Amino acid sequence: LKRLSKLLNAKCVPGFCKHFDKLSSELEEYFSGKRREFDVPLVLPGTPFQQRVWTALQTIPYGSTRSYKEQAQTIGLPSAIRAVAKANGDNRIAIIIPCHRVIGADGNLTGYGGGLWRKRYLLNLESSHGPR
């Protein structure tokens, strides 16, 4: 919260927000397999590069994965693999911005701030609901 407060130049205070009900509903639908994309309004403060990476993350289809290299290619910077990985790690809105869908080039799970067990759980959850 301190980092976010500094980034937004605002104080984060606990309480209700008009978007919480929608967010809660969309997350419940996601975890039950009824939602594959989110449309809750987002504020994504970050550098232009980070925003490009986060936008590209949102194009990875539900239940699919891409490598960090493929993500770098998606944003038109094929040699920026490490920078893409760092920007993925800077994503503060996991699940809604699906950074869990990015894996190593060899197919192994790598790097996830919430722990690789959570990344595996999310990928398994999505694959268990299959394509629509």
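The values are calculated or read from the model by the stated rules, or taken from the named source; none is laboratory data. Quick caveat, the model's predicted, so the values are computed rather than measured. Methodologically, a virtual Cβ is constructed for each residue, glycine included, from the backbone with ideal geometry; neighbour enumeration extends over all protein chains shown. These area figures cover heavy atoms from the full protein model, side chains too; ligands, DNA and RNA do not enter into them. Shrake-Rupley method; radii C 1.70, N 1.55, O 1.52, S 1.80 Å.
None of Gly46, Gly89, Gly63 is touching a His at 6+ places or on another chain (Cβ under 9 Å), closer than 29 Å to Arg120 by Cβ and open to solvent by less than 70 Å² (accessible area, probe 1.4 Å) except Gly63. Counting only helices (runs of 4 or more DSSP H) that sit completely within region 1-114, those holding 1 or more residues that are in contact with a strand residue (DSSP E or B) (Cβ under 8 Å, 6 or more places away or on another chain) and of a type in the set (Phe, Trp, Tyr) correspond to 68-74. Here is the figure for region 111-132: residues that are more than 24 Å from Leu4 (Cα to Cα) and either touching a residue at least 40 places away in the same chain (Cβ under 8 Å) or small (Gly, Ala, Ser) (or both) total 9. No other residue among Gln73, Gln58 is of a type outside the set (D, E, K, R) and either touching a residue at least 24 places away in the same chain (Cβ under 8 Å) or in contact with a Leu (Cβ under 8 Å, 6 or more places away or on another chain) (or both) apart from Gln58.
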